[in-house]
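Values quoted throughout were computed directly from the atomic coordinates according to the rules given, and no laboratory measurement underlies them. Predicted model only: the values in this text are computed from it and were never measured. In this analysis, Cβ positions are derived from the backbone assuming ideal geometry, glycine residues included, and neighbour counts consider all displayed protein chains.
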Amino acid sequence: GQNIDQPTEMTATEGAIVQINCTYQTSGFNGLFWYQQHAGEAPTFLSYNVLDGLEEKGRFSSFLSRSKGYSYLLLKELQMKDSASYLCAVRDILPGGSYIPTFGRGTSLIVHP
Amino acid sequence: DVKVTQSSRYLVKRTGEKVFLECVQDMDHENMFWYRQDPGLGLRLIYFSYDVKMKEKGDIPEGYSVSREKKERFSLILESASTNQTSMYLCASSTPEGSGSKNEQFFGPGTRLTVL
């Protein structure tokens, strides 16, 4: 099992940079995902980290430190359309032996002009 | 374009009714999942399946059952709906861990179920 912690809500200004943190405890870590979910829509995949370090994809980057049980999602040059919920999901081993992602409660990001 | 579809966007049922939620994916994925999403609680796994006719319980299976008769279809069944099962239900699919890809999940649009 695991415990995944991320802030409930964050606000930021258009054009700025925001960092959304995620901490976790697992028994058998096998990768960490970030998803974006706009209100009333399905989550969509943003990034995946399985090794330590930074993965960059356009305005979005994701960082992982396995020894610290810590990840962050960095959003640069914020746009109004980035207002959404950001979900951290950790793939961990279940008692039955399957590796399945478990989600944190999500961080609601509000971008204002 | 990959796609996961769910049978209904909105559903209203009465307490005690049997409810079927259907999910179909066209990506030939082995893994399929059912989650419910509630404010302040996030996405919680109900059941998942890693192959046809195979199923495993997630974190909150009580009051639910599932069926996977074909690879592309995964059904969630509420045997006797109760008001505390009012929620947004999300289906997802992915390739299996170890298949060489990121194995990210693709989600359906969700079914908002209200039980009166």
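The residue that is nearest to A:P7 (Cα to Cα), counting only those in the range B:23-33 that are within 12 Å of chain A (Cβ to nearest Cβ) and in contact with a strand residue (DSSP E or B) (Cβ under 7 Å, 6 or more places away or on another chain), is B:F33. Scanning the range A:99-113 for residues that are surrounded by fewer than 20 Cβ atoms within 10 Å (Cβ to Cβ) and more than 20 Å from A:R66 (Cα to Cα) turns up A:S108, A:I110, A:H112, A:P113. Condition first: under 29 Å from B:P109 (Cβ atoms), in contact with a Lys or Arg (Cβ under 6 Å, 6 or more places away or on another chain) and either within 11 Å of chain B (Cβ to nearest Cβ) or not in a loop (DSSP other than H, G, I, E, B) (or both). Can you find one or more residues in the range A:98-106 that meet it? Yes, the range A:98-106 contains a residue that is under 29 Å from B:P109 (Cβ atoms), in contact with a Lys or Arg (Cβ under 6 Å, 6 or more places away or on another chain) and either within 11 Å of chain B (Cβ to nearest Cβ) or not in a loop (DSSP other than H, G, I, E, B) (or both). The single condition among (1) under 30 Å from A:V50 (Cβ atoms); (2) crowded, with 20+ Cβ neighbours inside 10 Å; (3) more than 10 Å from the chain's Cα centre (by Cα) that B:E56 does not satisfy is (2). Take the conditions within 25 Å of B:D38 (Cα to Cα) and not basic (K, R) and apply them to A:P113. Does it pass? Answer is no for this residue. For the range B:60-69, the condition holds for at least one residue, the condition being that it is more than 10 Å from every other protein chain (Cβ to nearest Cβ), of a type outside the set (G, A, S) and more than 13 Å from the chain's Cα centre (by Cα).
Every condition in (1) more than 30 Å from B:T15 (Cβ to Cβ); (2) touching a Leu at 6+ places or on another chain (Cβ under 6 Å) holds for B:S94 except the one numbered (2). Scoring B:Q105 on the criteria (1) crowded, with 20+ Cβ neighbours inside 10 Å; (2) under 29 Å from B:G16 (Cβ atoms); (3) at the interface with chain A (Cβ under 8 Å from one of its Cβ atoms) leaves a single failure, condition (2). Looking only at the range B:41-53, which residues are without any contact (Cβ under 8 Å) to a residue 24 or more places away in the chain, more than 8 Å from chain A (Cβ to nearest Cβ) and of a type in the set (A, V, I, L, M)? Selection gives B:V52 alone. Evaluating B:D38 against the criteria (1) under 13 Å from the mean Cα position of the chain (by Cα); (2) under 20 Å from A:E41 (Cβ atoms); (3) within 13 Å of chain A (Cβ to nearest Cβ) leaves one unmet condition, (1). Selection of first residues in the range A:32-51 that are more than 9 Å from chain B (Cβ to nearest Cβ) and of a type in the set (K, R) and of second residues that are surrounded by 20 or more Cβ atoms within 10 Å (Cβ to Cβ) and in a loop (DSSP other than H, G, I, E, B), restricted to Cβ pairs under 9 Å at least 6 apart or on distinct chains, gives an empty result. Residues in the range A:84-97 that are more than 14 Å from A:N30 (Cα to Cα) and part of a strand (DSSP E or B): A:A84, A:S85, A:Y86, A:L87. Any residue in the range B:12-34 that is aromatic (F, W, Y) and in contact with a Phe, Trp or Tyr (Cβ under 7 Å, 6 or more places away or on another chain)? The answer is yes; a qualifying residue exists.
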